[in-house]
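Since the structure comes first, as structure tokens, the remarks are kept for the end.
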Amino acid sequence: MAIRVLIVDDSATARAVLREILESDSAFEVVATASDAYVARDKIVELKPDVVCLDVEMPRMDGITFLKRLMHYMPIPVVMVSSLTQNGAKTTLEALEAGAVDFVGKPHSHIYDGKESMREELINKIKIASRVRVKQRSLQSLQQANMSSLAETTNKILAIGASTGGTEALKEVLMGLPRNGAGTIVVQHMPSNFTGPFAERLNSLCAMEVREARNGDSITPGVVLIAPGDYHMVVRRSGARYYVEIGSGEKVSGHRPSVDVLFNSVAKIAGANAIGVILTGMGADGARGLLAMRNAGANTIGQDEESCVVYGMPKVAYELGAVMKQLPLHKISSGILELL
């Protein structure tokens, strides 16, 4: 059965291009298009599409406001289509926080010129979204948990890898860690100009300091380092000091940054002095690296199927024997603290 998609974008050109891309694949049926949120609302009620392809900037009601209301009243998988500018990155991160499954970047130039470059990404992400179980969201903002009663930690390294659905999963895990939490290094599959705003957003929510990693940054308690988009991040050691090295190179496991690259370096450099966590995501990046960490003596945690947006990376890791303990998302931060 075809995946039924509603395209919502105020640009007639964009609607035409997105329709053309999706209708080139027999897996999809574009049931309708809408120029704003009010038209989209009526189409959703009438046609009940499987996935909504949603623009951010629209007249009368912006895409984020519409998304929040949609997630509250009629939860449905949504893929955002937005500009990959700095402001677009911040807005898209807000959309992921509000419940969007994933995002696809619009080309900087005319959308017709970038049609081929976004075709595969758009098709793949909407196919993934169609299989996601979307949960109802409250219209009230999430409140940060009280960190005062959480336990003291040690100087171990916490390494986390995530992909599709990972922005919200990471937020929940990191918000559950105390101010003096273990030095944490993160690879989240994300474009280059998204990781900075993503780190800033997490920094405003978490007790720990969160920032985009710079070459040579020390891995210290109380600090979370996010690998910059389009760059690999590895762990190095100088005496008693752990630090990160940022570099380019070929994609590994289909990604740059790659979770496998990070985890393999942690296994080699930190061994049993590390904890590895693999969160929601499509594919297998990080699974073999997590196995290397476990074989080197590290404790490892995988997110369980029920709480994953996409049970891909954690599933492969579990099947390889890389996961010592499988936990639902809301228990992962407490599981980390127990290991620490």
Any hit, segment 312-333, residues being assigned to a loop (DSSP other than H, G, I, E, B), in contact with a strand residue (DSSP E or B) (Cβ under 7 Å, 6 or more places away or on another chain), in contact (Cβ under 8 Å) with a residue 60 or more places away in the chain and assigned by TED's automatic domain parsing to the domain that holds Ala199: yes
Count of segment 1-40 residues which are under 18 Å from Met74 (Cα atoms) and aromatic (Phe, Trp, Tyr): 1
Of residues in segment 30-87 being more than 22 Å from the chain's Cα centre (by Cα), of a type in the set (Gly, Ala, Ser) and closer than 15 Å to Ala14 by Cα, the one surrounded by the most Cβ atoms within 10 Å (Cβ to Cβ): Ala34
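Residue-wise test of (1) out of contact with any helix residue (DSSP H, G or I) (no Cβ under 9 Å at 6 or more places or on another chain); (2) at pLDDT 95 or above; (3) not assigned by TED's automatic domain parsing to the domain that holds Phe194.
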| position | (1), (2), (3) |
| --- | --- |
| Ala227 | no, yes, no |
| Ser248 | yes, no, no |
| Ser253 | no, no, no |
| Phe263 | no, yes, no |
| Gly271 | no, no, no |
| Leu279 | no, yes, no |
| Met282 | no, no, no |
Tally, over segment 133-178, of residues that are of a type outside the set (Asp, Glu), surrounded by fewer than 20 Cβ atoms within 10 Å (Cβ to Cβ), over 23 Å from Val244 (Cα atoms) and at pLDDT 80 or above: 3
Subset tally (residues that are outside any loop (DSSP other than H, G, I, E, B) and free of Cβ contacts under 8 Å to residues at least 60 places away in the same chain) for segment 237-248: 8
Number of positions in segment 235-249 that are surrounded by fewer than 17 Cβ atoms within 10 Å (Cβ to Cβ) and touching a His at 6+ places or on another chain (Cβ under 9 Å): 4
Selected residue (criterion: nearest to the chain's Cα centre (by Cα)) from residues of segment 249-294 that are part of a strand (DSSP E or B), within 12 Å of Ala317 (Cα to Cα) and of a type outside the set (A, V, I, L, M, F, W, C): Gly281
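The values are calculated or read from the model by the stated rules, or taken from the named source; none is laboratory data. If you're wondering where the values come from, they're calculated on a predicted model, not measured in any experiment. A quick note on method: Cβ atoms are made from the backbone with ideal geometry, for glycine too, and the neighbour counts reach across all protein chains shown.
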